[in-house]
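The values are calculated or read from the model by the stated rules, or taken from the named source; none is laboratory data. Note that the structure is a prediction, hence the values are computed from the model and not measured. Note that we place each Cβ from the backbone using ideal geometry, even for glycine, and neighbour counts take in every protein chain shown. For the accessible areas, the whole protein counts, side chains as well, though only heavy atoms, and no ligand, DNA or RNA atoms are used. Shrake-Rupley method; radii C 1.70, N 1.55, O 1.52, S 1.80 Å.
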Amino acid sequence: MALTSALALSLAAAIAGVGFLTSEATASSHTAPVADVAASSSAPSASPSPSPSPPAFSPSPAPASPSPTATEPSTEPTEAGAAPTVGTSQVVAPAALGTTATAPANAESSRVGALFTGTVSAGNHSCTASVLHSTTKNLVLTAAHCVSATPDGLLFAPGYRDGKTPYGSWRITKVYTTSGWSQGADPDQDFAILQTAPNGSTNVEDAVGANTLGLDAPFTDVVRLYGYPDSSEVPLLCTNATTRQDTYQRQIDCPSYSGGTSGGPFIDTDTNQVIGLIGGYQQGGDSDDTSYSAYFDHTIGTLYQQAVADSSS
């Protein structure tokens, strides 16, 4: 069942080092303590309203694996990082909207990976995560319910398939969540930004590229949804339109997104920005065929700024 999170619209964001939790199997199976964070987020208002984006961070994604771009949409979401390098998407979408299939191995899917505790091995992964573009080139995005007190032993393997790590694995050194999540498990703030240590001398974004963070995207956007089920050693891909489930929750109907797909990114097909992730309501969903995401606005934008600033120091 796809687990989700919704994020609250608030201008204060909080951060704290936390660690890894579980996969997205059932809503009740993902309850775990999260470490306190330094600052607090204000309560959401009646409905999300567009807000100024955080200042852009300017380095472009790694040239070895540039982010694809597409025609600008009529309603453009705010972008929290620098725009990806211009180019044609290599994604091969399923034949019909709402159809789930194995994700092709390409530049975009290589930025999505699985989270492991202890060792990277077949059957040992739990949640899904994806590389998030930043000037520091060391950030990863996942669901907050996938992390707990400390990141000890937590590893991220981008492009993982069939027990193999074609790009290597990166150790998680710190996890950033909002106080709304750490203090109250607010499903509207079920997102986390992970800091990674270099693999040798290589940052994760230099190895595989990254997705930029998109804010205030329309609820009715068409997205590509990625995720690693616990029962599979390859990522799934489904393309479909999202709808509004609640004030701060996005919904998508894609079959077979079972336990383990929590944290999987929603990639906007027009902008190729990440505008959500599986989590939030029911920790992503009680049904394998319907997934949710917290709405990405200035709350995650502020958290992103904090993670970048902290990772730069």
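In terms of its C-alpha gyration tensor, the stretch 154-313 has an oblate overall shape, because the principal axis ratio a/c (a ≥ b ≥ c, square roots of the eigenvalues) is not below 1.5 and a/b does not outweigh b/c.
Annotation: peptides 219-226, 300-307, ranked by per-residue average of other Cβ atoms within 10 Å with the highest first, follow the order 300-307, 219-226. Here the peptides 153-164, 260-271 are ranked by packing, the mean other Cβ count within 10 Å, and the order with the highest first is 260-271, 153-164.
Once both labels are positioned 7 Å from their Cα atoms along Cα-to-Cβ, the gap between SER231 and ALA101 label points is 2.1 nm. Subtracting the Cα-Cα distance of THR243 and LYS164 from their residue separation scaled by 0.36 nm leaves 24.9 nm.
A simple packing score, the average count of other Cβ atoms within 10 Å per residue, orders the peptides 177-185, 114-122 as 177-185, 114-122, with the highest score first. The share of accessible area on the stretch 268-313 that comes from carbon and sulfur is 36 percent, using a 1.4 angstrom probe.
Work out how much length ARG171 to ASP310 would gain on full extension: take 0.36 nm times their residue separation and subtract the Cα-Cα distance, in nm to one decimal.
Working: separation 139, 0.36 × 139 = 50.04 nm, distance 1.70 nm.
So the extension gain works out to 48.3 nm.
Comparing SER231, ILE252, GLN273 along the charge dipole axis of the stretch 179-313, the residue lying farthest to the positive side is GLN273, per the Cβ-charge model. Accessible surface for the stretch 148-289, divided over its residues, is 29 Å² per residue with a 1.4 Å probe.
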